[in-house]
Amino acid sequence: MKALHPSSLESLARRHAPEGSWILSVYLNLDPQVRANRRGAHKLVLDRMLKELEATLEDPQAVAHLQEDAEWVRNQVALHIPKGKSLVLFCDLSEGYTYQEDLPIRLPNGVWYERRPYIRPLLDAWKEYERTGIVVVDREKARFLVASMGEVEELEEAFQTPAVRHRATAGTDHMRSQMIFQRRAATWSHWFLKEVADSLHDMIEAHGIDRVVLVGPEEVTAELKRILPKGVLARVAARVRAPVTAKPKELLDVVLPALRELDAARERDLVAECITSARKAQAESPKAVLGLDAVLNAVNQSRVYQILVPAGFSASGWHCPACDVLLDHAPSEETCPYCSGSLQEMDDVVWAACDRVLALGGKVEEIGTDGAKETLQKDGPLGAFLR
Ligand SMILES: [Zn+2]
């Protein structure tokens, strides 16, 4: 997942097409895995977007240039085996430039044809997506890693205290020297942790860290936690035991279960809050709605700020191509209740609704946590918080 890495965002941002050339940028929200290759709705979406884009161009040279790039994109998408939730492509074939990547998050569909790769959605996603700082400490060594979207990266060279030297002594001095040594070691260790706490503060700022997991021997992480600045302390999500020398992959193995538990708790809260707000909603100004029909209704009115979908859930429905309304069932004569246009049946109206929410700057929350998912499915199956 390079596209959402600061260094690759930077290199994408630096890319610039020469005179007479343009870069085609494509973001494509892929069909849910279960439905992949069944209808290929995303291929139709792509085709429509590319045609609309072409229609906006006047310069015949630009049109020919776009057609070449669009052809490449169509081919890539046709051959593509989805590994993520959305796909991003940048290309300028005349310059031999192509870039393609699966992303683990849903981004709104869109195409752009400009001098530079259109990276705004990636930047927004980078800001939006939760990053977890992992601090691994013992009394002499500390490491800092950032985990995001299931990947982990070591940030800094490990830093450590200057070795505490034990002066060789003999006889009656020995006890005394031992005490001094221990006291000194304790002081050094405290200073060291203080230094870790301060660096941690800077790293949170520099890397946009949302939450922090402290990893190490129990008494060390406890002491570190006690001396953390308030702003850092507020972000501490968990403490986990692991040796300071663990490999990044091993760290992720111990940290992920803790993070998953936090995410699960968050999902349970979201579902509970949505159900509570929807049930006590005032008729004039509901803050949340529940149910396929009610949520689609809110989507049609562009009022959804956050849509909650049980993971893997889909439902067939109807769509009015004339006024873009989404419906879970059609009136008997299969005409749109708003504009009387003829309705089209849709394989997955939930996916279309999520697309709409994303396109309007809203959020899609897939609820996969055991318990929360079933609750939402039973009381919903969809839920939404409204603007
Ligand atoms: Zn209509």
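Every number in this text was worked out from the coordinates using simple rules, so none of it is lab data. Every value quoted in this text rests on a predicted model; they were computed, and no experiment measured them. Cβ atoms come from the backbone with ideal geometry, glycine included; neighbour counts cover every protein chain shown.
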Using a 10 Å cut-off on Cβ atoms, rank the peptides 217-230, 136-149 from the highest mean neighbour count down. 136-149, 217-230
Name the shape class, rounded, prolate or oblate, that the alpha-carbon gyration tensor gives for the chain, where a ≥ b ≥ c are the square roots of its eigenvalues, rounded holds for a/c under 1.5, and otherwise prolate holds if a/b is larger than b/c and oblate otherwise. oblate
Between the helical axis of 349-359 and the dominant principal axis of the chain, each derived from Cα atoms, what acute angle in degrees is found, rounded to the nearest 10? 70 degrees
By a straight-distance test (C-alpha under 22 Å), which lysines pair with Lys247 as possible cross-link partners, with residues fewer than eight away in the same chain excluded? Lys2, Lys141
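Once the other residues with Cβ under 13 Å from the Cβ of Pro337 are scored (Lys, Arg +1; Asp, Glu -1), what is the net sum? If you can, show how the numbers build up before the last one.
Details: positive: none; negative: Asp293, Asp328, Glu333, Glu334.
Net charge around Pro337: -4.
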Hey, what angle do you get for helix 60-79 against the long axis of the chain, alpha-carbon based, 0 to 90 degrees rounded to 10? 70 degrees
Assign one of three labels to the range 6-127, namely rounded, prolate or oblate, based on the Cα gyration tensor with a ≥ b ≥ c the square roots of its eigenvalues; rounded applies when a/c is under 1.5, prolate when it is not and a/b is larger than b/c, and oblate otherwise. oblate
In straight Cα distance, which aspartates and glutamates are under 18 Å from Lys194, not counting same-chain residues fewer than 8 positions off? Asp138, Glu140, Glu156, Glu157, Asp202, Glu205, Glu218, Glu219, Glu223
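In debye to the nearest 20, how big a dipole does the chain give about its Cα centre with +1 on each Lys and Arg Cβ and -1 on each Asp and Glu Cβ?
Details: 48 positive and 57 negative charges, 385 e Å.
The calculated dipole for the chain is roughly 1840 debye.
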Using θ = phi - 60° and the Karplus form 6.51 cos²θ - 1.76 cosθ + 1.60, what ³J(HN,Hα) does each residue of the range 377-387 get, whole Hz, x for Gly and Pro? 4, 6, 8, x, x, 10, x, 8, 8, 9, 5
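What is the extension gain from Leu233 to Leu262, computed as 0.36 nm multiplied by their sequence separation minus the C-alpha to C-alpha distance, in nm to one decimal? Before the final figure, lay out each step's value.
On the way: separation 29, 0.36 × 29 = 10.44 nm, distance 1.62 nm.
Once the chain is fully extended between Leu233 and Leu262, it gains 8.8 nm.
Normalised by the residues of the range 265-386, what does the relative contact order come to in percent, with Cα pairs under 8 Å and at least six apart? Don't skip to the answer; put the middle values down first.
Working: 222 pairs, mean separation 47.9, N = 122.
Reported as a whole number, the value is 39 percent.
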How large is the translational diffusion coefficient of the range 265-386 in µm² per second when you combine the Kirkwood radius over alpha carbon pairs with Stokes-Einstein at 20 °C and 1.002 mPa s? 148 µm²/s
Can you check what the net charge comes to around Val111, using other residues whose Cβ is under 11 Å from the Cβ of Val111 (Lys, Arg +1; Asp, Glu -1)? -3
Check the straight Cα-Cα distances from Lys287 and name the lysines below 25 Å, setting aside those fewer than 8 residues away within the same chain. Lys363, Lys373, Lys378
Pop out the ³J(HN,Hα) list for the range 46-52 in order, Karplus 6.51 cos²θ - 1.76 cosθ + 1.60 with θ = phi - 60°, rounded to Hz; leave Gly and Pro as x. 4, 4, 5, 5, 5, 5, 4
Reduced to Cα centres, the span from the range 319-387 to the range 88-154 in Å works out to 29 Å
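What fraction of the DSSP beta bridges in the chain is antiparallel, stated in percent and rounded to the nearest 5? Don't jump to the answer; show the numbers that get you there.
Values: 44 of 58 bridges.
Antiparallel bridges: around 75 percent, rounded to the nearest 5.
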Percent relative contact order of the chain, based on C-alpha pairs within less than 8 angstrom and at least six residues apart? 14 percent
The summed charge of the Leu382 Cβ neighbourhood (under 13 Å; Lys/Arg +1, Asp/Glu -1) stands at -3
